[in-house]
Amino acid sequence: MIAMALLEVHNAKLYYLTTKGIVKAVDDVSFELNEGETLAIVGESGSGKSTLAKLLVRVWERNVTLVDGEVILDGKEVLHISEEEFRREIRWKKIAMVPQASMNALNPVIKIGDQMIEPLLLQGTGRDEALKMAMDALEAVGLPRDIVNRYPHQLSGGMKQRVIIAMSIMAHPKIVILDEPTSALDVITQANIMNLLKKLKWEFKLSYIFITHDLALASELADSVAIMYAGKLVEIGGAEDIYGNPSHPYTQGLISSVPTLRVDKTLSFIPGEVPSLINPPPGCRFHPRCPFYKDRDYLRGLCDAKEPPMIELKGNASRRHLVACWLYK
Amino acid sequence: MPETFEDAPWVRKDSLVIAHRLRTYYTIKPGLLAKPRFVKAVDDISLSIDRGITLAVVGESGSGKTTLGRTLIRLLKPISGEIYFDGKDITRMDEDELKSIGFRRRVSMVFQDPYSSLNPFHSIHFILEEPLMIHGIPREEREERIYEALEEVKLTPPEDFINKYPHMLSGGQRQRVAIARAIITNPDFIVADEPVSMLDASIRVEILTILKDIQQRHRMAFMYITHDISTAKYFSDYILIMYAGQFAEYGPFRDVVKNPLHPYAQSLIEAIPDPDPNNRLRERKVAPGEPPNLVNPPSGCRFHPRCPYAMDICKRQEPPVVEARPGVFVKCWLYVKR
């Protein structure tokens, strides 16, 4: 029997309602995450990767019209339980998030410690205990314990990001979602934060969902990689398979557009633009930009009409290598 | 111009653009009666860029790289040092003089953010025509040049774009309009300040290719300012690495990237990942900490508080720039023969 995954996401959908129409930001996405595993979710802006993160911790904007699917965390469905129960039992304790650019969202007039313990107090933890949890977490991310008495403006960018990471781990969750955790930081600070994230992962056996647009940065942390395009998951597999044998034409295009410093390669790019999520192309959403669709006649009437199924490929990694593309049918 | 730049032997005297011991400081007044203080954004930088050559200027935020670029095209005035353009000292020229020698036509800039660098109320046609009007190009020639420029940045057919407004274009298309505007007066020197850092990965390469083609076709002197060495690799001939407003290392691009000498340069290059699944299994050996405040930078070598090799002298005395390998210049005590 296969051991149950720590997190299973089945057919997740999240649609927004805007004045221009319904935005299908996450459209029928399924994947699983094992204990201690890091899954990188990679996509360009508008691919739905951040929306997927928001769906998992249930913090979405007001203009959401549809949330559907199942999220099974540790054997328990959590997408449809009451908000009260999710807040008390799940958020922060089982699954926490480092939201994008959140280090700039620290309240400038409240001490770091008071900001950190707020969610714990709301969950019913006593003040002294909460403060101890916060200080333990600060120590784990390499900051002095007395940072709790400082204000955000007294800290550098890298230190603020460490505070946010400390907050995400202080209630000992099993899963931490990292949404572009280094996006506003300098190159060396970024490398230091990635080193810290690796250390925390090994130390606390954390599972990460690492959301990024940067395939090179993803490889710093990822055991597995999922590629999103226009609200859909197009390929998922072990890191060795995705980097070594990228199979979806979009993944291939993305990898060959990443500049490399140490090896020489010819860069190429994917012509065209990411489609609108209000009225996405029919069939495979990538077909208008796909080089194979352009070259091969037999794909006409297939890619542009029918949505491709998830097909399993032979992989080298421990995780199944799945690709949503008609080329492999 | 002096006969030689003895204190900066990496500066080539016959280059189109030369900066010699350039310093640009910003003044801040902490209070009404307080003494003004200086942010030493560019502090003693010398460089030269010739026609057909690309110099990558690399550093983290606050390293002074943008201030350096803006000073070279005289959007800012340096407090000391000299700038020579095509043999003329333009350091202290006023706007009228700069115009009369054609400097404003012969230099231009591409900015980082294509969402804020194009006026939303102007059509693409007007955005491209305005610089030509300023430089007194007759109407028929203007039309011709606009079409040529759009074709050069591969916004084709030009008719489809000419009457549009910036909000109707994607980020990549806007940046191409910004490039078209930068090249429309046939400049000899372009400063591109992080031209692809706001764009998605799949469009970046296309923009870099366009820039490289234009630069080579017109044999322009090109300064590519970036924090990301891996994008610079594809068309840079030389690299200048800056730290906290100062020179760290200069040399041929590939030579420096392959074997960096300055401890800061080593950290900066080590910090950049290439896509490789083995990355996750190891830690990166990079310097701890963050760049200093430029109002009150550390004494001696500005990198010494973060440097793994810091010696006693590094704290006391500013290091000189020495040629550590043929053609590679480093501002670091480790390479000073004593």
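The values are calculated or read from the model by the stated rules, or taken from the named source; none is laboratory data. Quick caveat: nothing in here was measured; it's all calculated off a predicted structure. As a convention, Cβ positions derive from the backbone with ideal geometry for all residues, glycine included, and neighbour counts pool all protein chains shown.
Numbers at a glance
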quantity: Qualifying residue in the range B:194-203 (condition: within 14 Å of chain A (Cβ to nearest Cβ), in contact (Cβ under 8 Å) with a residue 60 or more places away in the chain, surrounded by fewer than 22 Cβ atoms within 10 Å (Cβ to Cβ) and of a type in the set (S, T, N, Q)); calculated: yes
quantity: Residue selected from the range B:206-225 under the condition of a type in the set (Val, Ile, Thr) and buried (at least 22 other Cβ atoms within 10 Å of the Cβ), by the criterion farthest from B:Ile73 (Cα to Cα); calculated: B:Ile207
quantity: Test result for B:Arg176, under 28 Å from B:Val17 (Cβ atoms), free of Cβ contacts under 8 Å to residues at least 40 places away in the same chain and not in a loop (DSSP other than H, G, I, E, B); calculated: yes
quantity: Residues (modelled with pLDDT under 95 and of a type in the set (Gly, Ala, Ser)) located in the range B:128-167; calculated: B:Gly136
quantity: Scan of the range A:1-60 for residues that are more than 22 Å from A:Lys76 (Cβ to Cβ) and of a type in the set (A, V, I, L, M), ordered by number; calculated: A:Leu17, A:Ile22, A:Val23, A:Ala25, A:Ala40, A:Ile41, A:Val42
quantity: Whichever residue in the range A:5-36 is part of a strand (DSSP E or B), among the small types (Gly, Ala, Ser) and surrounded by fewer than 20 Cβ atoms within 10 Å (Cβ to Cβ) and, among such residues, is modelled with the highest pLDDT; calculated: A:Ser30
quantity: Residue in the range B:62-82 that is under 30 Å from B:Pro252 (Cβ atoms), within 14 Å of another protein chain (Cβ to nearest Cβ) and at pLDDT below 90 present; calculated: yes
quantity: Single condition A:Ile81 does not satisfy, out of (1) among the hydrophobic types (A, V, I, L, M, F, W, C); (2) part of a loop (DSSP other than H, G, I, E, B); (3) touching an Asp or Glu at 6+ places or on another chain (Cβ under 6 Å); calculated: (3)
quantity: Which numbered condition B:Ala265 misses (of (1) within 14 Å of another protein chain (Cβ to nearest Cβ); (2) at positive phi); calculated: (2)
quantity: Tally of residues being in a helix (DSSP H, G or I), at pLDDT below 95 and within 12 Å of chain A (Cβ to nearest Cβ) across the range B:208-253; calculated: 8
quantity: Count of residues meeting criterion [within 23 Å of the chain's Cα centre (by Cα) and either loosely packed, with under 15 Cβ neighbours inside 10 Å or more than 16 Å from A:Phe292 (Cβ to Cβ) (or both)] in the range A:302-315; calculated: 4
quantity: Positions within the range A:254-269 being at the interface with chain B (Cβ under 7 Å from one of its Cβ atoms) and assigned to a helix (DSSP H, G or I), in sequence order; calculated: A:Leu254, A:Ile255
quantity: So A:Trp60, is it surrounded by fewer than 19 Cβ atoms within 10 Å (Cβ to Cβ) and touching a helix residue (DSSP H, G or I) at 6+ places or on another chain (Cβ under 6 Å); calculated: yes
quantity: Residue match in the range A:78-94 (condition: out of contact with any His (no Cβ under 7 Å at 6 or more places or on another chain), of a type in the set (Phe, Trp, Tyr), touching a residue at least 60 places away in the same chain (Cβ under 8 Å) and within 30 Å of A:Gly157 (Cα to Cα)); calculated: yes
quantity: Residue, nearest to B:Ile239 (Cα to Cα), within the range A:231-280, restricted to residues that are among the charged types (D, E, K, R) and at pLDDT 90 or above; calculated: A:Glu240
quantity: The range A:24-69, residues that are under 15 Å from the mean Cα position of the chain (by Cα) and among the acidic types (Asp, Glu); calculated: A:Glu32, A:Glu37, A:Glu44
quantity: Subset of the range B:267-279 that is buried (at least 19 other Cβ atoms within 10 Å of the Cβ) and without any contact (Cβ under 8 Å) to a residue 40 or more places away in the chain - its residue that is farthest from B:Gln246 (Cα to Cα); calculated: B:Pro277
quantity: Residue list for the range B:23-37, restricted to those being out of contact with any Ser or Thr (no Cβ under 6 Å at 6 or more places or on another chain) and surrounded by 15 or more Cβ atoms within 10 Å (Cβ to Cβ); calculated: B:Tyr25, B:Tyr26
quantity: A:Ile278, sole failed condition from (1) of a type in the set (A, V, I, L, M); (2) part of a loop (DSSP other than H, G, I, E, B); (3) more than 14 Å from chain B (Cβ to nearest Cβ); (4) crowded, with 20+ Cβ neighbours inside 10 Å; calculated: (4)
quantity: Number of positions in the range B:297-318 that are closer than 17 Å to B:Lys40 by Cα and crowded, with 22+ Cβ neighbours inside 10 Å; calculated: 3
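Here's the yes/no breakdown for (1) modelled with pLDDT of 95 or more; (2) farther than 20 Å from B:Arg282 by Cα:
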site	(1), (2)
A:His153	no, yes
A:Met159	no, yes
A:Val163	yes, yes
A:Ala166	yes, yes
A:Ala171	no, yes
A:Ile175	yes, yes
A:Glu180	no, yes
A:Ser183	no, yes
A:Thr189	no, no
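For every residue, the table says whether it meets (1) surrounded by fewer than 24 Cβ atoms within 10 Å (Cβ to Cβ); (2) under 16 Å from A:Gly36 (Cα atoms).
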| residue | (1), (2) |
| --- | --- |
| A:Leu221 | yes, yes |
| A:Ser224 | no, yes |
| A:Glu235 | no, no |
| A:Ala239 | no, yes |
| A:Gly244 | yes, no |
| A:Ser256 | yes, no |
